[in-house]
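Step one of this worksheet: look at the structure below.
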Amino acid sequence: MQEKPMHNTAIIYSSGRKNGNTTAQVNAYSKQQSGIVFCLDDYVISPYRYDKQYHNDDFYNLFEVLLRYEHWVFASPVYWYNTTPQMKAFMDRITDYMDDEALKPKLRTLRQKQFSLLSNASSPSAPDAFIDMFKQTFNYLGMTFKAHSHVQAG
């Protein structure tokens with residue numbers, strides 16, 4: 001049985017600048033809403049492979065920890081209508097749980113979870129393509145969309 005964390009929210013982010021706008025947005029959100037912060041850039045997350053040969057990779061351990069949280073908040077700058085490569089690798093690797101019969105029950109626990117999105121860019125709003133990538137992916141996994149907040153970075 002999984003232990004419930006003290007905080008119910010995991011804030012999962014990635015950014016090309018460790019102390020940039022995304023980090024500031026994550027820190028502000030964390031102070032206001034409370035949550036445990038996970039910077040994907042601090043982990044080794046290999047690109048998805050059909051043969052599942054990942055060496056010295058942190059994805060499985062990180063994902064198992066995240067499964068303990070009821071609300072996942074994803075935070076990323078907008079890069080050409082997309083997220084950071086590390087965030088995309090994280091999202092792609094969830095496929096490992098779809099491909100393995102032993103892992104599928106864990107993936108199904110996402111159906112009881114919520115997700116939100118934090119974004120920032122030089123534009124006043126995030127493009128639909130960016131938002132839809134997260135919404136479509138995590139809705140497909142059965143998670144319930146809660147909120148999106150965008151900050152125009154200057």
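The values are calculated or read from the model by the stated rules, or taken from the named source; none is laboratory data. Keep in mind that this is a model prediction, so the values were computed, not measured. Quick reminder, even Gly has a Cβ in these numbers, built from the backbone with ideal geometry, and neighbours come from all protein chains shown. Only protein heavy atoms, including side chains, enter the accessible area calculation; ligands, DNA and RNA are left aside. Shrake-Rupley method; radii C 1.70, N 1.55, O 1.52, S 1.80 Å.
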**Asked** Among the candidates V26, V73, V44, which residue alone is open to solvent by 60 Å² or more (accessible area, probe 1.4 Å) and among the β-branched types (V, I, T)?
**Response** V44
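Where in the stretch 57-123 are there helices (runs of 4 or more DSSP H), lying wholly inside it, with at least 2 residues that are of a type in the set (S, T, Y)?
Helices (runs of 4 or more DSSP H) meeting the threshold: 95-99.
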**Complete:** Restricting the stretch 32-54 to residues that are outside any loop (DSSP other than H, G, I, E, B) and at pLDDT below 95, the one nearest to K106 (Cα to Cα) turns out to be Q33
**Request:** Quick one: which residue in G20, G35, G16 is touching a strand residue (DSSP E or B) at 6+ places or on another chain (Cβ under 9 Å), open to solvent by less than 30 Å² (accessible area, probe 1.4 Å) and more than 17 Å from S116 (Cβ to Cβ)?
**Result:** G20
**Message:** Need the failing condition index for D96 against (1) within 16 Å of the chain's Cα centre (by Cα); (2) open to solvent by 30 Å² or more (accessible area, probe 1.4 Å); (3) farther than 15 Å from Q25 by Cβ, just the number.
**Reply:** (2)
**Message:** If I filter the stretch 55-68 for residues that are over 15 Å from the mean Cα position of the chain (by Cα), loosely packed, with under 13 Cβ neighbours inside 10 Å and not acidic (D, E), do I get at least one hit?
**Reply:** yes
**Request:** Take the stretch 132-154 and flag every residue that is out of contact with any Phe, Trp or Tyr (no Cβ under 7 Å at 6 or more places or on another chain), under 19 Å from R93 (Cα atoms) and open to solvent by less than 50 Å² (accessible area, probe 1.4 Å).
**Result:** M133, T137, L141, G142
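Search the stretch 108-131 for residues being open to solvent by 20 Å² or more (accessible area, probe 1.4 Å) and within 17 Å of the chain's Cα centre (by Cα), and hand back the single one that is nearest to S149 (Cα to Cα).
I131
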**Message:** What pairs come out if I take residues in the stretch 35-62 that are without any contact (Cβ under 8 Å) to a residue 60 or more places away in the chain and pair them with residues that are part of a loop (DSSP other than H, G, I, E, B) and of a type in the set (A, V, I, L, M, F, W, C) whose C-beta lies under 7 Å away, six or more apart or interchain?
**Reply:** N56/V44; D57/V44; D57/I45; D58/V44; D58/I45; F59/I45
